[in-house]
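Student: Dumping the structure here so I can ask a few things about it.
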Amino acid sequence: MAQAHHQSHNGVRVDRMIRDDSHFIVSVRRCGLCSQAFASVFTEYVDWVASQDAQYRTLLPITDAEADDLIAGRLSPHRVGALGHGRRHLQSDWPSGADEPSVYWGSGVFQVRQGF
Ligand SMILES: [Zn+2]
């Protein structure tokens, strides 16, 4: 699932938006090369002081059945983190004050938090 060409958030296209709030965006995406499905979770925290909003993005490979469940509403976006058990996910962290995001592979269950 974690193929070499999945090393960036580019190349995976939005298949279906699940949540589209300004600070919490969840979508089902598909790789343009191998059509692997992904759950994408984007969370933003507004930095009212320095106006450098912190942004966090997680890209988790999911099965077609899990993608169907997300799209049909049988799987809550907040439960996506639990699917991370035993899998790798591409994480992009851009805390406020950093010049550029740090992108790395994480593994295991992760928390899905709603931004503000
Ligand atoms: Zn692919």
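Student: Of everything in region 55-106, what is of a type in the set (A, V, I, L, M, F, W, C) and in contact with a Pro (Cβ under 6 Å, 6 or more places away or on another chain)? Give them in sequence order.
Tutor: Passing the criteria: only 94.
Student: Then there's this: Within region 29-66, how many residues are at positive phi and either within 16 Å of the ligand (Cβ to nearest atom) or buried (at least 19 other Cβ atoms within 10 Å of the Cβ) (or both)?
Tutor: Within region 29-66, residues that are at positive phi and either within 16 Å of the ligand (Cβ to nearest atom) or buried (at least 19 other Cβ atoms within 10 Å of the Cβ) (or both) number 1.
Student: Criterion first (in contact with a helix residue (DSSP H, G or I) (Cβ under 7 Å, 6 or more places away or on another chain) and closer than 21 Å to residue 5 by Cα) does residue 59 satisfy it?
Tutor: So residue 59 fails the test.
Student: Residues in region 72-86 that are over 10 Å from residue 110 (Cα atoms) and either surrounded by 16 or more Cβ atoms within 10 Å (Cβ to Cβ) or hydroxyl-bearing (Ser, Thr, Tyr) (or both): how many?
Tutor: Number of matching residues: 3.
Student: OK, next. Just name the residue that is nearest to the ligand (Cβ to nearest atom) out of those in region 1-28 that are part of a strand (DSSP E or B), open to solvent by less than 50 Å² (accessible area, probe 1.4 Å) and of a type outside the set (Phe, Trp, Tyr).
Tutor: 12
The values are calculated or read from the model by the stated rules, or taken from the named source; none is laboratory data. Note that this is a predicted model, so its numbers are computed, not measured. Glycine gets a Cβ as well: all are built from the backbone with ideal geometry, and neighbour counts include every protein chain shown. Note: accessible area is taken over every heavy atom of the protein model, side chains too, but ligands, DNA and RNA are not part of it. Shrake-Rupley method; radii C 1.70, N 1.55, O 1.52, S 1.80 Å.
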